[in-house]
Amino acid sequence: MLNKILKVFFSALYSFLPIKKKRIVFSSYYGRGYSDSSKAIAEELIKRGTDAELIWLCKNEKEAKTLPPEIKPCPYNSIKRIKALATARVWVDNARKYERIKKKKGQFYLQCWHGFPLKRIEKDAVSSMAPDYEAGAIRDSKNIDLLLAYAEADRDILRRCYWYDGEIAVWGVPRNDVFVKNDGSISEKVRKTFSLPADRKLVLYAPTFRADMSTDAYKIDAAALKSACEARFSGEWTVLIRLHPNVAKQSEGLFAYDENNIIDATMYPDMQELLVGSDFLITDYSSSMFDFGLSGKPCFRFATDIEDYMKDRNFYFGFEELPYPAAYSNAELMEKISAFSEEKYSAERSEFYKKLAFVTDGHASARCADWIEEKIK
């Protein structure tokens, strides 16, 4: 693990190295494995047969093993990472780069971000952030050349609160192209990973984290949820539970997991694949609801601590304005599943996405790859 002084020293030292014009460095959530929009863009470049050198920043060997052979792993907390960034033509990331790494002339930084904002973010939520967050975020924004937005409404929020006055492209989100291009292979992959039959239906419970990292609000009745899904939608169902990476270590023992009915999916490397493979999503305040909504499949919100959460972060939209049914207790959740109307949900969901002008054509990755290819040429 490098300390701050060494990071500053090597950043300054490597700033004199020449740029390798066909080197692209990817990162996802501070060293996570092959996932999110960075993955979607890398796959698009690989599909095109790129001759660029693709490097992925990984926090450990386990994450490195998720990479395809066309991409080289690089340790996230290492001198090698600083050198890779200092010599790359393009950086691709979905989260902040806080350190004092200064982008040089001739380098380009594509920031994908990682979700359509329901809860307040960045400048609008700085009071609930770590004391040094603002300074690091401002440094990062000065380096960005292009920032992606989900929708026109998203652009307005980012412009106001991201400490960024550069170009914002409303191209959609690369990680969500899979909802448009879904051929069934991802659903098959998810079920095989958990040793489930091909016809097994999946309900994914994926809550976001709390400021105090508590899991007290996650007390969903998973057994009752399974039964409610089987009663309302028929078929045999399995509940997948995926905690946010910030509290992933707390997933063990949190629920009565078993191999067929209630499965801990927290360590599955790609959240987007879980969303594509699932038939029903239950979250709370996570932006995953906006992603999953693209599929047209039912999405509910289970929000037992909404008053406390709003005091901490608050929202850009009225909670009841969203098209996804909300429940504030286990009993209410089961009742609303039983009374769920596909027709009502479909109409309200479609109207919401139309009103906010979401880009949902499945070509976000291609637009980003075009931009990158222009820079490396």
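Here Glu63 clears all of (1) under 30 Å from Asp284 (Cβ atoms); (2) outside any helix (DSSP H, G or I) except the condition numbered (2). The residue of the range 89-144 that is most open to solvent (accessible area, probe 1.4 Å), among those that are among the hydrophobic types (A, V, I, L, M, F, W, C) and in a strand (DSSP E or B), is Phe108.
Checking each residue in the range 38-60 for being open to solvent by less than 10 Å² (accessible area, probe 1.4 Å), in contact with a Phe, Trp or Tyr (Cβ under 8 Å, 6 or more places away or on another chain) and either outside any helix (DSSP H, G or I) or more than 19 Å from Glu99 (Cβ to Cβ) (or both) picks out Ile41, Ala42, Leu54, Trp56, Leu57, Cys58.
Residues being in a helix (DSSP H, G or I) and crowded, with 18+ Cβ neighbours inside 10 Å: count how many of those fall in the range 163-183. Outline the logic, then answer.
Here is the first cut: in the range 163-183, the residues in a helix (DSSP H, G or I) are 174-180.
Keeping just the survivors that are crowded, with 18+ Cβ neighbours inside 10 Å gives 174-179.
Going through the range 163-183 one residue at a time, the tally reaches 6.
Of the residues making up the range 66-80, those that are assigned to a loop (DSSP other than H, G, I, E, B) and under 22 Å from Ile5 (Cα atoms) are Tyr76, Asn77, Ser78. Every listed requirement among (1) of a type outside the set (Gly, Ala, Ser); (2) farther than 24 Å from Phe317 by Cα; (3) surrounded by fewer than 20 Cβ atoms within 10 Å (Cβ to Cβ) is met by Arg160 save one, (2). The set of residues in the range 199-223 that are open to solvent by 60 Å² or more (accessible area, probe 1.4 Å) and at pLDDT below 95 comprises Ala211, Asp212, Met213, Asp216, Lys219.
Yes or no: Arg155 farther than 13 Å from Arg313 by Cβ, open to solvent by 30 Å² or more (accessible area, probe 1.4 Å), at pLDDT 90 or above and under 19 Å from the mean Cα position of the chain (by Cα)? Give the derivation first.
Numbers: farther than 13 Å from Arg313 by Cβ: yes; open to solvent by 30 Å² or more (accessible area, probe 1.4 Å): yes; at pLDDT 90 or above: yes; under 19 Å from the mean Cα position of the chain (by Cα): yes.
Answer is yes for this residue.
Here Leu333, Leu322, Leu281 are screened, and the one residue that is closer than 30 Å to Ala130 by Cα, open to solvent by less than 20 Å² (accessible area, probe 1.4 Å) and not small (Gly, Ala, Ser) is Leu322. Yes or no: Lys226 open to solvent by 60 Å² or more (accessible area, probe 1.4 Å) and either assigned to a helix (DSSP H, G or I) or farther than 24 Å from Lys39 by Cα (or both)? In short, no. For Thr360, the requirement of being within 30 Å of Gln107 (Cα to Cα) and open to solvent by 50 Å² or more (accessible area, probe 1.4 Å) is met.
May I ask you to verify whether Leu147 is open to solvent by less than 10 Å² (accessible area, probe 1.4 Å) and either farther than 27 Å from Lys375 by Cα or not in a helix (DSSP H, G or I) (or both)?
On the way: open to solvent by less than 10 Å² (accessible area, probe 1.4 Å): yes; either farther than 27 Å from Lys375 by Cα or not in a helix (DSSP H, G or I) (or both): yes.
In short, yes.
Going by the structure shown, is Asp36 under 19 Å from Ala95 (Cα atoms) and of a type outside the set (Phe, Trp, Tyr)? For Asp36, the condition - under 19 Å from Ala95 (Cα atoms) and of a type outside the set (Phe, Trp, Tyr) - is met. Apart from one condition, Asn330 fits all of (1) without any contact (Cβ under 8 Å) to a residue 40 or more places away in the chain; (2) in contact with a strand residue (DSSP E or B) (Cβ under 9 Å, 6 or more places away or on another chain); (3) farther than 24 Å from Val173 by Cβ; the exception is (1). The residue of the range 327-349 that is farthest from Asp93 (Cα to Cα), among those that are part of a helix (DSSP H, G or I) and either at pLDDT below 95 or touching a Lys or Arg at 6+ places or on another chain (Cβ under 6 Å) (or both), is Ser338.
The values are calculated or read from the model by the stated rules, or taken from the named source; none is laboratory data. In this text the structure is predicted, and so the values were computed from the model without any measurement. Note: ideal-geometry Cβ built from the backbone for every residue, glycine included; neighbour counts use all protein chains shown. Note: areas computed on protein heavy atoms with side chains; ligands, DNA, RNA excluded. Shrake-Rupley method; radii C 1.70, N 1.55, O 1.52, S 1.80 Å.
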